[in-house]
Amino acid sequence: MTAQLIDGIALSRQLRADVAARAAALAARGHKPGLAVLLVGDDPASQVYVRNKVRACEESGLHSLLERHPATLTEAALLARIEQLNADPAIHGILVQLPLPAHIDAHKVIETISPAKDVDGFHVASAGALMVGQPGFRPCTPYGCMKMLESIGCDPRGKHAVVIGRSNIVGKPMAMLLLQASATVTICHSATPDLAAFTRQADIVVAAVGKRNVLTAEMVKPGAVVIDVGMNRDDAGKLCGDVDFTGVREVAGWITPVPGGVGPMTITMLLVNTIEAAERAAAGAAG
Ligand code: GUN
């Protein structure tokens, strides 16, 4: 059996068309949606990510404000800038690209962003809302993974989902979203002694570790849905995920490629969250 591909580029195109229509409708009412993206320092990967985020905004008719700050920016100055953006009615979403330089406390920075503008979904208020099933912004990568499952008609209800990785950005919120969708969820991580014993039972596997070949063919149940969140380089410098794609695609029922899978969906869900924030702000302004 060769797995069918879950095409993150095609799905993104569909979802971004909806974002663009909603952005145009808001702009026509005088509420052009705006995203502020803050980059501190000159990490090369972060520079690429923020450039892609800003470009995606422009293409969908959102206003974006890209601020590059030197690595020497003080924590106090960054917090003060976030407070200004919290109060700026033209800005509906605030994203501070991570990682931050070591002298800046990322937790403090995230907690300074107004939860109403927390389009990354990293604020403790957003994480808490997800935990208790209340409305709030969902972190973009796991949110995008859920959309990918939906796009292939995979309802997690009653399924066994295994999440590999326990980060605050992907693993933990992914597990909560799957649980909310009534899956039985297992979270595996670096201290899990026999990963394969869990993944072999899984109907859905989400690999979010940041290491190549974490999931290989013999670890996958035939027909399973495999979502690869990893973004790594192979020995030849080519982009690859956490999953041994060539082997696993012969066993799985569905699989996301890298590149062209989860990556574009992360940016798409950032746009969706920003539009949502702008629509809520516009409704508040009207009411
Ligand atoms: N660094 C890596 N991924 C992300 C992300 O989704 N958001 C932010 N703000 N920083 C990141």
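Each value in this text was obtained by applying a stated rule to the coordinates, not by laboratory testing. Computed from a prediction, not measured in an experiment: that's the story for all the values here. Methodologically, a virtual Cβ is constructed for each residue, glycine included, from the backbone with ideal geometry; neighbour enumeration extends over all protein chains shown.
What nm distance separates the two modelled labels at Thr74 and Asp42, each placed 7 Å from Cα along Cα→Cβ?
Placing both labels 7 Å beyond Cα along the Cβ direction yields 2.3 nm.
Place +1 on the Cβ of every Lys and Arg and -1 on the Cβ of every Asp and Glu in region 61-146, take the dipole about the Cα centre, and give the residue among Gly61, Thr72, Ser126 whose Cα lies farthest towards its positive end.
It is Gly61.
Could the peptides 229-236, 55-62, 101-108, 90-97 be put in order, highest first, of the mean number of other beta-carbon atoms found within 10 Å of their residues?
Working: 229-236: 15.2, 55-62: 19.0, 101-108: 13.4, 90-97: 23.4.
Listed from highest to lowest mean packing, they are 90-97, 55-62, 229-236, 101-108.
Of Leu79, Leu65, Leu239, which has the largest mean-square fluctuation in a 10 Å C-alpha GNM of the chain?
Leu239
Within the chain, count lysine pairs with alpha carbon atoms under 25 angstrom apart where the residues are 8 or more positions apart or belong to different chains.
For the chain, qualifying lysine pairs total 22.
In the chain, with Lys and Arg counted as +1 and Asp and Glu as -1 at Cβ, which of these residues, Ala175, Gly284, Ala116, has the Cα nearest the positive end of the dipole, that is, farthest along it?
With unit charges placed on the Cβ atoms, the residue in question is Gly284.
What residue among Val225, Ala196, Val214 has its Cα farthest toward the positive end of the dipole of region 128-231, where the charges are +1 on Lys, Arg and -1 on Asp, Glu, each on the Cβ?
Final value for the positive-end residue is Val214.
In debye to the nearest 20, how big a dipole does the chain give about its Cα centre with +1 on each Lys and Arg Cβ and -1 on each Asp and Glu Cβ? Intermediate results must be reported in sequence, preceding the final value.
Working: 26 positive and 27 negative charges, 75 e Å.
With only Lys, Arg, Asp and Glu charged at Cβ, the dipole is about 360 debye.
How much of the DSSP beta bridge set in the chain is antiparallel, as a percent to the nearest 5? Don't skip to the answer; put the middle values down first.
On the way: 2 of 31 bridges.
Antiparallel bridges make up about 5 percent of those DSSP assigns within the chain.
What net charge is computed for the residues neighbouring Lys53, neighbours being all others with C-beta under 14 Å from the C-beta of Lys53, Lys and Arg scored +1, Asp and Glu -1?
0
Choose one answer from Ala77, Ala224, Ala24: the residue with the largest mean-square fluctuation in a GNM of the chain with alpha-carbon springs under 10 Å.
Fluctuation is largest for Ala77.
Just how far, in whole angstrom, is region 11-64 from region 71-136 if you go by their alpha carbon centroids?
About 17 Å separates the Cα centre of region 71-136 from the one of region 11-64.
For region 24-147, what does the alpha-carbon gyration tensor say about shape, rounded, prolate or oblate, given a ≥ b ≥ c as the root eigenvalues, a/c under 1.5 as rounded, and a/b over b/c as prolate?
Values: a/c = 1.43, a/b = 1.16, b/c = 1.24.
Rounded, because the longest to shortest axis ratio a/c is under 1.5.
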